[in-house]
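The values are calculated or read from the model by the stated rules, or taken from the named source; none is laboratory data. Remember, it's a predicted structure, so these values are computed and weren't measured experimentally. Here the Cβ positions follow ideal geometry from the backbone for every residue, glycine too, while neighbour counts run over all protein chains shown. Please note that ligands, DNA and RNA were not included when accessible areas were found on the heavy atoms of the full protein model with its side chains. Shrake-Rupley method; radii C 1.70, N 1.55, O 1.52, S 1.80 Å.
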Amino acid sequence: MIYSEVKRVLRLQASLVGLAVVVALLASAGSVTVAVSALLGGLAVLAPALVYARIAYAKRHVAPAALIKAHFLAEAVKFCLTVLLSGAVLASFKDLSVVGFLGGFFAATSGYGFGLLIKN
């Protein structure tokens, strides 16, 4: 089960990735390569964030030590997945726009910080 606050942050991240894709498309005069690069950068952050949420919030009513352990495990898995996905994208797509990729990556990553600032 994923809590509503976590869902809100994940939706915010997905929205920011969508915005990054649109901005990339407009800024690059319609280049699909740049827009896809931004999407892949965002997905390299979003997919591990979903995995984090599943691991960290799998158990609800357990001892605090078990909750902390779950969050540390989830963070380690998220970090490794982010590195692996980013590396796989950068190695696999030869015509990838690095600027677009980083734009999508940072847009999704900024969702964590904005999620703390924006109360809804």
_For peptides 6-15, 66-75, sequence by mean Cβ density within 10 Å, most packed first_ = 6-15, 66-75
*Accessible area (Å², per residue) of the chain, counting only protein heavy atoms and a probe of 1.4 Å*: 61
_What is the angle, in °, between the Cα long axis of helix 4-27 and the longest principal axis of the Cα atoms in the chain? Nearest 10 is fine, range 0 to 90._
10
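Rounded, prolate or oblate: pick one for the chain, where a ≥ b ≥ c are the square roots of the eigenvalues of its C-alpha gyration tensor, a/c under 1.5 means rounded, and failing that, prolate if a/b is larger than b/c, else oblate.
Verdict is oblate for the chain.
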_GNM top mover of L39, L16, L50 - the chain, alpha-carbon springs below 10 Å_ = L50
*Whole-percent carbon and sulfur share, accessible surface of the chain, 1.4 Å*: 75
_Rounding to the nearest 10 and keeping the result within 0 to 90°, find how far the Cα-based axis of helix 64-92 lies from the longest principal axis of the chain._
20
_region 1-61: relative contact order as a whole-number percent, Cα under 8 Å and 6+ apart_ = 47
*Can you pull the one-decimal nm distance between simple spin-label points at V32 and S110, each 7 Å off the Cα toward Cβ?*
2.7
*For helix 98-117, what angle does its Cα long axis make with the longest principal axis of the chain, in degrees from 0 to 90 and rounded to 10?*
40
*With contacts defined as alpha carbon pairs under 8 Å and 6 or more residues apart, what's the relative contact order of region 42-109 in percent?*
51
